[in-house]
Each structure stands twice: as structure tokens, then as C-alpha cells.
Amino acid sequence: MDNDDKFGSSVAGLGDLDGDGVVDLAVGAFGYEGGADRGAVYMLMLKKDGTIKQHQKISDTQGSFTATLENSTYIGISVAGLGDLDGDGVT
């Protein structure tokens, strides 16, 4: 990454994605990836001490994202938690 990636432009708590009891985060980097300002979102699975245990980048070149993005798409300029998608009581 470099300064133009704008990593941390948006951050959202996602609940416990990996089932370890620690809330995980989505972090935007809207200036990053594949062309001018296409953007990316990083899924950060955290340890109890707040450090990163594992990450997954989602962009038009990684993370199984299949859409073709144009320059200045700005994926990651804003991120938000989605709540309980499957109705099991877990965010």
C-alpha cells in the first residue's frame, strides 16, 4: 500500500465473522487497486488484543469478486455492518 490507497477511509464492525468471540472489522481503501481509484475493502479478523489475526482483501483483482470495475468506482469509500443476515441472533 501507499499513501494514495486511502486505507482506513471507512471502518465498520461486522460482528464475529470467524466465530472466535471477537468482533471483526471491514476497512475501506477507496483509492486502491487495479486502476485509478477502483478501491478495495479489507475484512480484518481480530485477536482479543486487537491485533490482526487474518485478513482478506476484496477488490476487482482479489477476494473472489467477479465484477469488472471502472476507474473511479471508489469501492470502500463507505462500509457498514449488515446485522444478522441469517436470523440466528449473531451479527
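Could you grab me the full set of residues in the range 57-91 that are among the acidic types (Asp, Glu) and either at pLDDT 90 or above or farther than 28 Å from Gly19 by Cβ (or both)? Reasoning before the result, please.
Residues of the range 57-91 among the acidic types (Asp, Glu): 60, 70, 84, 86, 88.
Hits for the range 57-91 are Asp60, Glu70.
Which residues, taken from the range 36-91, are basic (Lys, Arg), surrounded by 11 or more Cβ atoms within 10 Å (Cβ to Cβ) and part of a loop (DSSP other than H, G, I, E, B)? Spell out the reasoning first.
Here is the first cut: in the range 36-91, the residues basic (Lys, Arg) are 38, 47-48, 53, 57.
Add one more test, that the residue is surrounded by 11 or more Cβ atoms within 10 Å (Cβ to Cβ), and what stays is 38, 47, 53, 57.
Once the filter is applied, which keeps residues that are basic (Lys, Arg), surrounded by 11 or more Cβ atoms within 10 Å (Cβ to Cβ) and part of a loop (DSSP other than H, G, I, E, B), the range 36-91 yields Arg38, Lys47.
The values are calculated or read from the model by the stated rules, or taken from the named source; none is laboratory data. Keep in mind that this is a model prediction, so the values were computed, not measured. Glycine also receives a Cβ, built like all others from the backbone with ideal geometry; neighbour counts cover every protein chain displayed.
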